Amino acid sequence: MPLNTTRWRETKLHNDPADDRLLPIIEAVRALPEANAHDIHAILRRYPKHGGGGSYSKHHIIHAYRRLCDAGEIPFERETLRRLQMKPTRTISGVAPVTVLTKPYPCPGQCIFCPTDVRMPKSYLRDEPGAMRAEQHAFDPYAQTFHRIRSFSALGHGVSKIELLILGGTWSSYRRDYQEWFVQRCLDAMNGRDSRSLAEAQKWNESAPHRNVGLVIETRPDHIDWNEIKWLRMLGVTKVQMGAQSLSDRILQINKRGHTVEQTREAVNLLRAAGFKIALHWMPNLLGATPDSDREDFMRLWSDPALRPDELKIYPCSLLANAELYEYWRRGEHRPYADDELLELVADCMTRVPRYCRVNRVIRDIPAPNIVAGSTRSNLRQDAERLIRERGLRDESLRAREVRGANVRADDLRLETIAYETSVGAEHFISFVTSADKVAGFVRLSLPAPTLDPSPVAELRDGGGEGVGVAMIRELHIYGPALSLGDDSSGEAQHLGLGARLLSHTEQIAIERGYKKIAVISAIGTREYYRKRGFEVEGLYMTKRLASTWK
Ligand code: SF4
């Protein structure tokens, strides 16, 4: 439909002489259904601001586009909006990720590769994008959350589902009253009102406009025990990021990690038994490692049933001037890998990741000027993907197979179950997969081993016969871009009822294996969803009796 340019002029932004120029930009974007980010930037360059002031910001154009749609001048087209969005991949998994940093604080760790800047929480650099945003807001949790949601919204992203990622040093080493206050204030920002307690903020968030559908913290393996796990659940945490870094005690020791491989294994076992999603960080090129030893180390992540993480961040060790490792390098005792060496290693690793694991990142976003020696390649992932393709190999990990924003047809989906053993039971990664091997949605179901000691958490006992725990849904995820209410969404995975079908399938599996009860580690903002499907809040989880439902 052509734009009504007369009414456009009547409704244009007041006192902005640039507005007339926005019209051809919007028309050009609408006319290019296959446009990628490169095309959009070319359009912006073609229609620069008056007087040579550079390109218009997408923020400005999206604002005008939404206003025109609201005024009925043009139909709202989600695809057009998506093309106009600044970074469309950010919310392509259906959830807006809001990252916030804790205040500057030391960490009990002494890792020699870790930078120290007293103005930042341990391990963060002042010029990293997330750190800069946090400092601008004086590390205030409310301000960080509020402004991040507002930025996503201004860029046209849906913000009804929020994954809150709390970063900064070691979460578990902060005082507990600070942790509680921090989470409460993040929720207050999502709820749009100030609560008197964390419990009140959580209650309100169950029906808030911005619901917290995932809460992530990062900590060390030696801080995880049942006491800590109960505390994390009380805060509403659903996923734990943990630095494994290496699976060699020798490497851990010379890099002064301060924990052993066995402690990493124990922490993963406890977190899995408690239903958390587990994201490990693994670090090649530590002091004492070689590319070959790193390849062997990487394979231990999958061969050891006490590991097998759900998600992984590959963070090659970067040599930074404000880390102790710098002195080792100056003495000639440490060698950062060359660009090609690192590329080969990362590409090799990516082809060995199992289908159930998502590789969230393959390099940390450290601004190049901070890196003293070694690779400064920021597009390592794309280069590794290209190398893998050139070699005729495949990256089958979860991220490489997500449908992302693409439409899917129900008749093109098949159910795939990957079962694998862990030290605490049997895992089932059940996904809906398209004929092109893309994943439209998945569920992670843990079935605790009958030989496992009864859980210290009461609601995770009483699953059946003696010693049988409860079946646990650790994650349920359906793909599709984060949508605003009212946006057209036909054909997207989120709206084909895949979640309900996956839940029903997991319950059948649990019943067949003799479990009488199923639990889910639900985030506060997903409680409504599970209530509608027969779950009730029980202590730190939501649970459902299976026997009465499936006789
Ligand atoms: S535990 Fe993490 S934050 Fe603490 S010193 Fe080690 S790398 Fe840095």
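General remarks:
- When only alpha carbons of the range 95-219 are considered, Rg and Dmax amount to 14.5, 45 Å.
- Rounded to 0.05, the FRET efficiency of the Ser504 and Asn227 pair, given R0 = 35 Å and the Cβ-Cβ distance, is 0.50.
- Taking all protein chains together, Ile473, Ile366 sort by accessible area into Ile366, Ile473, largest first [probe 1.4 Å].
- Using a probe of 1.4 Å on the protein chains alone, the accessible area found for Arg377 is around 50 Å².
- Taking only the C-alpha atoms of the range 197-278, Rg followed by Dmax gives 15.5, 50 Å.
- Here the simple spin-label model places points 7 Å from the Cα toward Cβ, and for Arg176 and Ser435 these points are separated by 5.6 nm.
- Here the ratio of the Cα radius of gyration of the range 241-401 to 2.2 N^0.38 Å is 1.02.
- Working from Cα pairs under 8 Å separated by at least six residues, relative contact order for the chain is 12 percent.
- Binned Cα-Cα distance frequencies in the range 100-147 - 10 Å width, integer %: 29, 50, 19, 2
- Longest to shortest principal axis, alpha-carbon extents of the chain, angstrom: 75, 69, 54
- Pair Ala547, Gln110: separation of 7 Å Cα→Cβ label points (nm): 5.4
- Within the chain, Cys69, Cys107, Cys186, Cys317, Cys349, Cys357 have no other Cys Cβ under 4.7 Å of their Cβ and so lack a disulfide-compatible partner by this rule.
- Computed about its Cα centre, the charge dipole of the chain is approximately 980 debye, with only Lys, Arg, Asp and Glu carrying charge at their Cβ.
- Residues of the range 93-123 with amide N under 17 Å of a point placed 7 Å along Cα→Cβ from Ser160: 93-97
- If the segment from Arg67 to Asp453 were pulled out straight at 0.36 nm per residue, it would be longer than the present Cα-Cα gap by 133.0 nm.
- Exposure ranking of Thr417, Thr80 by accessible area [1.4 Å probe, largest first]: Thr417, Thr80
- Cβ-based charge dipole, the range 95-219, positive-most Cα from Pro104, Gly130, Leu164: Leu164
- Label-to-label distance, nm, for residues given as Glu327 and Arg150 (7 Å Cα→Cβ offset): 4.5
- Lys, Arg +1 and Asp, Glu -1 on Cβ, resulting dipole of the range 95-219 about Cα centre, debye, nearest 20: 120
- Radius 10 Å from Cβ of Gly288, net charge of other residues (Lys, Arg +1; Asp, Glu -1): 0
- Placing unit charges on the Cβ atoms of the charged side chains and taking the dipole of the chain about its Cα centre, the candidate lying farthest along the positive direction among Phe113, Ile43, Val372 is Ile43.
- Value of Rg/Rh across the range 310-433 [Cα atoms, Kirkwood radius]: 1.08
- In a DSSP loop and with at most 16 other Cβ atoms within 10 Å, there are no GluC sites (Glu not before Pro) in the range 100-201.
- For the residue pairs Lys161/Lys277; Lys277/Lys313; Lys58/Lys161, the C-alpha atoms sit more than 20 angstrom apart in Lys58/Lys161.
- Computed with every protein chain present, the accessible area of Arg211 is close to 80 Å² [probe 1.4 Å].
- Computed extension gain for Ala199 through Arg409, at 0.36 nm per residue and net of the alpha carbon distance, reaches 71.5 nm.
- For Gly441, distant residues with modelled amide H under 5 Å away: Phe432, Tyr479
- What a 1.4 Å probe finds exposed on the range 77-218 is 53% carbon and sulfur by accessible area, rounded to a whole percent.
- In the chain, helices alone account for a calculated mean residue ellipticity at 222 nm of -10000 deg cm²/dmol, with every DSSP H run of four or more residues adding -39,500 (n - 2.57).
- For Gly425, the residues 5 or more places off, or on other chains, whose built amide H falls under 5 Å of its own are Ala449.
- In the range 301-361, taking the dipole from charged Cβ atoms about the Cα centre, the farthest positive-side position among Pro336, Val353, Pro305 is held by Pro305.
The values are calculated or read from the model by the stated rules, or taken from the named source; none is laboratory data. Just so we're clear, the structure is a prediction, and the values are computed from it rather than from any experiment. All Cβ positions, glycine included, derive from the backbone under ideal geometry; neighbour counts span all protein chains shown. The area values use the complete protein model at the heavy-atom level, side chains included, leaving out ligands, DNA and RNA. Shrake-Rupley method; radii C 1.70, N 1.55, O 1.52, S 1.80 Å.
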